[in-house]
């Protein structure tokens with residue numbers, strides 16, 4: 001069994017939202033992603049999708065995109081992105097799909113390994129951070145802790161964390177999320193949200209103080225799911 005990750009796949013929902021308006025790398029991106037996915041991933045594999053899954057605004061509009069994901073190989077585990085307005089109650093979503101799991105406030109358990117996560121939010125060290133951002137960020141921090149605590153209740157030896165927003169914007173800075181991660185046996189963190197060269201260059205990546213960080217925005221990966229672990 002292998003664990004892959006890729007986020008920000010930005011499927012179109014019921015509408016027609018051509019992603020190449022954001023650059024030529026997005027031209028026919030769904031076809032590229034599907035081809036790469038089918039070639040790489042097998043039924044027994046796990047794929048982490050850290051948010052921005054569909055442009056749909058409501059759950060009925062997202063149905064086509066969620067069915068597309070459901071029909072791809074592997075067990076898919078998702079957290080919400082900032083554009084996933086269609087996101088419904090996780091219990092309701094999980095009852096509707098067999099190979100796609102929607103993660104919120106809990107952990108997904110793979111024997112002694114747990115997948116935890118939450119959407120996250122703009123980090124407090126961002127220059128544009130507001131009072132409203134502070135409220136949302138603290139709520140997301142609580143959700144992440146709930147997920148991590150659920151993993152510990154299941155006696156997880158190792159935790160992989162999924163975030164949509166990066167845990168910190170400048171790789172040289174600290175953040176409450178990184179401080180929280182260090183309190184648990186977290187070995188890897190995957191995140192997306194970033195879509196430009198400047199952000200990519202500043203993003204925290206690689207091994208840092210016991211944790212390996214992966215930027216997995218689909219355009220950054222050229223729509224090729226990233227292998228992060230072999231079980």
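Treating r as the C-beta distance of residue 182 and residue 24 and R0 as 41 Å, the FRET efficiency rounds to 0.55.
Modelled spin labels at residue 139 and residue 70, positioned 7 Å past Cα toward Cβ, are 2.8 nm from each other.
Only alpha carbons enter this Debye calculation for the chain, each as an equal point scatterer, and the log10 of I(q)/I(0) it gives at q = 0.13, 0.15, 0.18 Å⁻¹ is -0.73, -1.00, -1.50.
In the range 2-230, what percentage of the DSSP-assigned beta bridges are antiparallel, given to the nearest 5? Counting DSSP beta bridges with both partners in the range 2-230, the antiparallel share is about 25 percent.
For n ≥ 4 DSSP H runs only, could you compute -39500 (n - 2.57) per run for the chain, divide by its residues and tell me the 222 nm figure to the nearest 500?
It comes out at -8500 deg cm²/dmol, rounded to the nearest 500.
Three principal axis extents of the range 119-191 based on alpha-carbon atoms, in descending order, are 39, 24, 18 Å. Projected label points at residue 157 and residue 201, each 7 Å from Cα along the beta carbon direction, are separated by 4.2 nanometres.
Bear in mind these aren't lab numbers, they're just calculated from the coordinates by the rules spelled out. Owing to the predicted nature of the structure, the values given are computational and were not obtained by experimental measurement. With ideal geometry, Cβ positions are generated from the backbone for all residues, glycine too; neighbour counts draw on all protein chains shown.
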